[in-house]
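Note sheet for the following structure.
Only the coordinates and a few stated rules stand behind these numbers; no lab work does. The structure presented is a predicted model; accordingly, all values stated were derived computationally and were not measured. As a convention, Cβ positions derive from the backbone with ideal geometry for all residues, glycine included, and neighbour counts pool all protein chains shown.
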Amino acid sequence: MDAQDLAQLADKEFEQMLTSNIHPPTRDARTWAAITHPDNLPRARRILTHVHERTASVLRRRKTEREEFRVQCFARGEAGKREWFATRADFESLRRRTANFHQRVQRAITELGQEQRNVNRAQSHNAGQQSRETLRELAVAVQRHQAVHARNGGGAEQVDHELWQHLDRLTVPTGPGQHPTTLRTMLSIYWTDAQPLDDDPGRRTQPEHVAAAPAPAAAHPGVPQARRAHDREDLTA
């Protein structure tokens, strides 16, 4: 049975499924996973708490009734005492079974409480991560706003300076010691702008490609260079 099927059960059927799986050695793992699913966990805790209250009430009532029965038996003399002692074993056996069930319910309630705390921590962590991401996006937007003013060289108004100062005033906890770190430090170390501002195309300079003149061919050693035609002298026979 999965979590959705379990959620469709009436309270009485849900309780039967729950109480038959409270003992870890005998529980069905899939059914217990459905019981501890975040959608069913609050209901399981509520129903099991009612079961615990009922068994506690039963134990108290039986103890009171047993004491009243003892008084009545002892008032009848030896015959009454024999009757009381004759029923003692059955009463103790029933009391132990009920007490054991009561303790198992108590342990299961503790286990469900731990599961609920795990769910709460996970939800709180997810919410905290989402809040931190929202704060990062806001800090990046403020940083980009300041960068645009710096790039364009325009005069900033007082409201702009007040906005930018929040990057140095607001902090977030970081590291194992949860030390407060300013948003500006977070931006420079931990948070990266996924879409940084592009440089002004007018400020860019394209690299010039200069073709180097080819180096003169090195002369081979031992081989005389050819003379130019106008350098030759006429030879006479």
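Principal axis extents of the Cα atoms in segment 100-158, from largest to smallest and rounded to whole angstrom, are 79, 17, 7.
Set the Cα radius of gyration of segment 61-127 against 2.2 N^0.38 Å, with N its number of residues, and you get 2.02. Taking a Cβ cut-off of under 11 Å around residue 40, the surrounding Lys, Arg, Asp and Glu residues balance to a net charge of -1, with basic ones at +1 and acidic ones at -1. Taken over segment 1-128, the ratio of Cα radius of gyration to 2.2 N^0.38 Å equals 1.46. Put a plus charge on the Cβ of each Lys and Arg, a minus charge on the Cβ of each Asp and Glu, and nothing anywhere else: the dipole of segment 3-129 about its Cα centre is then about 520 debye.
Taking 0.36 nm per residue of separation and subtracting the Cα-Cα distance, full extension of the segment from residue 190 to residue 174 would add 4.8 nm. Ranking of 59, 48, 94 by neighbouring Cβ atoms within 10 Å, starting from the fewest: 94, 59, 48. Orientation-averaged projection of segment 141-195 equals 4.2 nm² [convex hull of Cα atoms, one quarter of hull surface area]. Here 82, 184 are placed in order of increasing Cβ neighbour count within 10 Å, fewest first, which gives 82, 184.
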